[in-house]
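Just below is one structure, and these are the notes that go with it.
The values are calculated or read from the model by the stated rules, or taken from the named source; none is laboratory data. It should be emphasised that the depicted structure is a prediction, and the values quoted were computed from it without experimental measurement. Glycine gets a Cβ as well: all are built from the backbone with ideal geometry, and neighbour counts include every protein chain shown.
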């Protein structure tokens with residue numbers, strides 16, 4: 001997979017679904033659902049075949065979507081991230097934190 005991404009941009013998509021118990025209701029409407037998603041553009045560096053082979057043989061890539069993870073050795077493969085860093089590593093954390101804050105402000109949680 002890294003060979004296909006080599007020197008190119010790709011978009012990392014992540015999402016979260018929340019099932020929220022709304023403490024304000026005592027009826028069947030006490031559950032709400034919310035969905036959040038994020039998209040982050042990642043530009044892979046131009047990598048030599050040797051670098052790709054060495055990285056592909058590390059434990060860093062086993063069972064990873066896209067064949068790499070940025071927060072490990074894979075950070076040396078990435079030239080640029082445009083957008084939310086935490087989304088790029090698998091969780092739209094800022095959006096999730098904002099959603100939780102808004103739910104608390106509305107006294108839902």
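Among the residues that make up region 8-21, is at least one of them surrounded by 12 or more Cβ atoms within 10 Å (Cβ to Cβ) and either modelled with pLDDT under 85 or assigned to a helix (DSSP H, G or I) (or both)? Checked region 8-21: no residue is surrounded by 12 or more Cβ atoms within 10 Å (Cβ to Cβ) and either modelled with pLDDT under 85 or assigned to a helix (DSSP H, G or I) (or both).
Annotation: of all residues in region 76-92 being in a helix (DSSP H, G or I) and surrounded by fewer than 17 Cβ atoms within 10 Å (Cβ to Cβ), the one that is farthest from the chain's Cα centre (by Cα) is 76. Any chance you could count how many residues in region 14-66 are under 19 Å from the mean Cα position of the chain (by Cα) and more than 17 Å from residue 98 (Cα to Cα)? Number of matching residues: 12. Can you name every residue in region 35-65 that is assigned to a helix (DSSP H, G or I) and touching a helix residue (DSSP H, G or I) at 6+ places or on another chain (Cβ under 7 Å)? Residues satisfying the conditions are 52, 55, 56, 60, 61. Scanning region 22-34 for residues that are surrounded by 12 or more Cβ atoms within 10 Å (Cβ to Cβ) and in a helix (DSSP H, G or I) returns a single hit, 30.
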